[in-house]
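The values are calculated or read from the model by the stated rules, or taken from the named source; none is laboratory data. Every value quoted in this text rests on a predicted model; they were computed, and no experiment measured them. Here Cβ is always computed from backbone atoms with ideal geometry, including for glycine, and neighbour counts include all displayed protein chains.
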Amino acid sequence: MPFLTTLKIDHDPAVEDPHQGTLLAPFIWEHKSFGKIEAPEGFKTDLASVPEKIPFIGWFLRGLLPRGGKAKFGAVIHDYICRHQGLEGRFTRTEARRVFVLINREQEMNIISRAVATTGVAIGDTFTRNKF
């Protein structure tokens, strides 16, 4: 597996959404084509959230793919890439989505769950600030 560390997240009970959290330790993924990506300790993630601007689609996607499942691993790395504007030009938005897909495949998500997760990321990228 290309994860070099274990995912350790602190879920803040004061936050309304229980799927938001803060990394308690660096979370590192490495791939031969993309190199090493490290989300640092203290990074805040929303684990594959769906923007509020698209309530019906968000409701549908959340029902099909819970954020606490295997998609959380790819979501943390994808969030980190997107929030840092493609890691200063290292990634396009399409490449960030490709990283998400690769991680989900590595986590052995079934093809339907991968398709739902990827669709959610594509829709989310369209409606959010992930425009780099």
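Looking only at residues that are without any contact (Cβ under 8 Å) to a residue 40 or more places away in the chain and outside any loop (DSSP other than H, G, I, E, B) in the stretch 99-111, which one is farthest from Ile77 (Cα to Cα)?
Residue satisfying both the conditions and the ranking: Ile111.
Given the criterion β-branched (Val, Ile, Thr), at pLDDT 70 or above and surrounded by 18 or more Cβ atoms within 10 Å (Cβ to Cβ), identify the matching residue among Val50, Val121. Full working, then the answer.
On the way: Val50 fails: at pLDDT 70 or above.
Within the list Val50, Val121, the selection yields Val121.
For the structure I just gave you, tell me whether Phe73 is under 25 Å from Glu41 (Cβ atoms), within 11 Å of the chain's Cα centre (by Cα) and of a type in the set (A, V, I, L, M, F, W, C). It would help to see each step written out before you state the result.
On the way: under 25 Å from Glu41 (Cβ atoms): yes; within 11 Å of the chain's Cα centre (by Cα): yes; of a type in the set (A, V, I, L, M, F, W, C): yes.
The answer is yes for Phe73.
Out of the residues in the stretch 83-118 that are surrounded by fewer than 13 Cβ atoms within 10 Å (Cβ to Cβ) and at positive phi, state the one that is modelled with the highest pLDDT.
First pass over the stretch 83-118, keeping only residues surrounded by fewer than 13 Cβ atoms within 10 Å (Cβ to Cβ): 88-89, 92, 94, 105, 108, 110-112.
Next, only the ones that are at positive phi stay: 88-89, 108.
On the way: Glu88: 76, Gly89: 80, Glu108: 91.
Ranking the qualifying residues of the stretch 83-118, first place goes to Glu108.
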